[in-house]
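Accompanying notes for the structure given below.
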Amino acid sequence: MEMDKPWIVAEAIQSALQAPFYHFILEGLLVIWILRLIFSKSYKIHQKETLTKKEKEELVGSWQPEPLVPPLEKTLAKTRPYRLVSGQVGKNIVVDGYKCKNFASMNFLGLVGNKRVEEKIEKCIRTYGVGTCGPRGFYGTFDVHLELEERIAKFIGAEEALIYSYGFATIASAIPAYAKRGDIIFVDEAVCFAIQKGLQASRSKIVYFKHNDMNDLEDKLIEQEKIDKKNPKKAAVIRKFMVVEGIYMNTGQICDLPKLVEFKFKYKVRLFVEESLSFGVLGDHGRGVTEHFNIPVSKLDLVVACMEYSLASVGGFCCGRHYVVGHQRLSGMGYVFSASLPSLLARAAIEGLNISEENPDIFAQLRQKAAFLQDLLKGIKGIELVGYPESPCFHLRRLHPVTPEKDLKFLHDVVNKCMKNGICITVASRLKEEFLSEWPASIRIAVSVEMSEEDLDEAARVIRHAVEEACNKCKGS
Amino acid sequence: MHTGTTNQVANPNTVVWNSPGIWITYLLTTGFMHLILLSMPWFTTSVSWTLTNVLHGVCMYFFLHTIKGTPFETSDQGKYRYSTHWEQIDSGTQFTAARKFFMTTPIVLYILASFYSMYDFTHFVVNTLVLLLSLLPKLPQLHGVRIFGINKY
């Protein structure tokens, strides 16, 4: 009703008193609602059940406090004492007083103790000091960091790289930076602990597929596709990822990258490859599993690697397109909230890259030596060798497993015997909670390019002897 | 949200309506909008009051019950990605002070608009519809409910 006359208070009050009856009822109800609001208590939706006093007393009475520190037996395993290493580690290592050849450290390119690297590091310490005292966003970015990022990006062939100061935190921060609640991650069962922590932190739905089984992965992808067809609106907002490793730390196998890239484009799943053990190992120039299979890095979404193995530095890197990697500069928890890599370690990594670029034949040599040692060890009775034939990091498992404890004891006996005879190998240590399926205990052997053929022959001989002795001991007991 | 070393919550949307001075700011903004409408000479008093009520209700419905998630990145791995702002307030706790405030303001505006429009029937219909639009989505029974799957993802 358009009214052109001016609004007068008296008129308004009069019409208020003559208001329609239903209106009074409605306003009365509304006022009652406001009063109810004022006197209602706040509650969380899932916590509406109230406990009676008796139930409360019962719950309080039955509570047993957990000890602040768990009993010592659980934290320090008496069957697995720590070995003490003295002096510098390199091709040779002094463990528990025994001088041994080092087949335990994953010093693939022999850069630990490299004189050239050490010289550069010394100069770096004199220029920058030791620590950086700050995260990358808060006065912790030095020119060595930027240089290392550029060099890594150029080496791998990606658009941009990002450096983390701790290898474990690299993949554990990269995954939750992209995958959130409601997203789906397809991941191999045998992935390392760092990836498992990253998956846990992401709060996404995790779908495990059998180790290196591309058919199982395809089945799971097809299943997800069927679910998506039923609910396309939901599917449009769910992000799907695949996380695999180039060479798996837990089994030494290589992933089937061409098939994975095919799945990526067929099922629209983003692909993250963790290349800690394949960077500086596979490929003609050591660029990793992408060069090995001749796949351009641009086909992968993210390449993550730890610089603590081949490059003999500390920390890790992520590389890929600028659009992808740049996101981690604000969302990668380990990047934003940890101090940046000490300059001397960044300089060591740069020098490692320099050495790699100058001698591109060390990679083929490394793989050849690894294959040689694997050949020698394959024939040992009582032991099964697991790993890609050219992988410098492979596993030895007991051929006929008995019980997990006895197998572990067997492997420890082998390791101890080898150590006493001058070859240092190690049992792959694992946390009980780490495993998704029951993986057998194994010895993990790492071959360095510094080892000569005689060293490899000696290692094979010592290991064979140790295994025979351990087998005889088992048969006898 | 990363705001340096300040006292932070994972999602500031959950606590913004408890910040000091924000209720007064909200009321003053609504009052200011009403004054602007009132100052337009082609609107009569009744129409401008009803228009205030309608604009307030529609804006409230849009900002509180339509748009979902956060405009900034949160550190809770996307917990509130599909939640409207109303569902995010106080992390879903019902009948907190902020929620009571938001349930009361449409009612107060409705009573005022009815009074100033002289209880005319057309104005009554419009105002009541807008009141329903403002109040019904705020009921705890409709927390997280998406009718016919509209606005679910």
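Rule-based calculations on the coordinates, nothing more; no lab input. These numbers come from a predicted model, not from an experiment. FYI the Cβ positions are ideal-geometry reconstructions off the backbone, even for glycines, and counts take in every protein chain you see.
Between B:30, B:84, B:44, where does the largest GNM mean-square fluctuation fall for chain B, given springs only between Cα atoms within less than 10 Å?
Sorting by GNM fluctuation, first place goes to B:44.
State which stretch of chain A is the longest one without any exposed chymotrypsin sites (Phe, Trp or Tyr not before Pro), exposure meaning a DSSP loop state and at most 11 other Cβ atoms within 10 Å. Spell out each step's value before the answer.
Numbers: sites that count: A:63, A:82, A:139.
Free of exposed loop sites, the longest segment is A:140-477.
Largest first, please: the extent of the C-alpha atoms of segment A:344-435 along each principal axis, to the nearest Å.
Principal extents (largest minus smallest coordinate, Cα): 48, 31, 29 Å.
Between B:118, B:33, B:103, which gets the highest mean-square fluctuation from a Gaussian network model of chain B, Cα cutoff 10 Å?
Per the Cα network of chain B with a 10 Å cutoff, B:118 tops the list.
What is the average number of partner chain Cβ atoms found within 10 Å of a Cβ in A:120-129?
So the per-residue partner count for this stretch is 0.
If I build a Gaussian network model for chain B, linking alpha-carbon pairs within less than 10 angstrom, which residue out of B:112, B:51, B:135 has the largest mean-square fluctuation?
Result: B:112 has the largest fluctuation of those listed.
Given Cβ point charges of +1 (Lys, Arg) and -1 (Asp, Glu) and nothing else, what value in debye, to the nearest 20, does the dipole of chain A about its Cα centre take?
On the way: 64 positive and 60 negative charges, 235 e Å.
With only Lys, Arg, Asp and Glu charged at Cβ, the dipole is about 1120 debye.
I'd like to know which of A:107, A:62, A:325 lies farthest towards the positive end of the charge dipole of chain A, counting +1 on Cβ of Lys and Arg and -1 on Cβ of Asp and Glu.
A:62
Need one value for A:24-35: mean number of C-beta atoms belonging to other chains within 10 Å of its residues' C-beta atoms. Don't jump to the answer; show the numbers that get you there.
Details: counts 1, 0, 6, 5, 0, 0, 8, 2, 0, 4, 6, 0.
What the average comes to for A:24-35 is 3.
Which value results when the Cα radius of gyration for segment B:12-144 is divided by 2.2 N^0.38 Å? Numbers along the way, then the final one.
Details: Rg = 16.1 Å, N = 133, 2.2 N^0.38 = 14.1 Å.
Against the empirical 2.2 N^0.38 Å value, I get 1.14 for segment B:12-144.
How do A:331, A:429 line up, fewest other C-beta atoms within 10 Å first?
Values: A:331 17, A:429 11.
With the sparsest Cβ surroundings first, the list reads A:429, A:331.
Can I get the semi-axes of chain A's equivalent ellipsoid? Compute them from the C-alpha gyration tensor as square roots of 5 times the eigenvalues, in angstrom, largest first.
56, 30, 24
Loop by DSSP (not H, G, I, E, B), at most 13 other beta-carbon atoms within 10 Å: where is the longest site-free stretch of chain A for GluC sites (Glu not before Pro)? Show your work: numbers first, answer last.
Numbers: sites that count: A:2, A:49, A:438.
Segment A:50-437 is the longest.
Residues with beta-carbon under 14 Å from that of residue A:406, excluding residue A:406: net charge, scoring Lys, Arg +1 and Asp, Glu -1?
Details: positive: A:397, A:398, A:409, A:473, A:475; negative: A:405, A:407, A:413.
For residues surrounding residue A:406, the net value is +2.
Treating the angle as unsigned and between 0 and 90°, give the value, to the nearest 10°, between the Cα long axis of helix A:404-420 and the longest Cα principal axis of chain A.
40 degrees
Check which residues have an amide H placed less than 5 Å from residue A:186's amide H, if you skip close sequence neighbours.
Amide H to amide H, under 5 Å and 5 or more residues apart or across chains, residue A:186 pairs with A:207, A:241, A:242, A:243.
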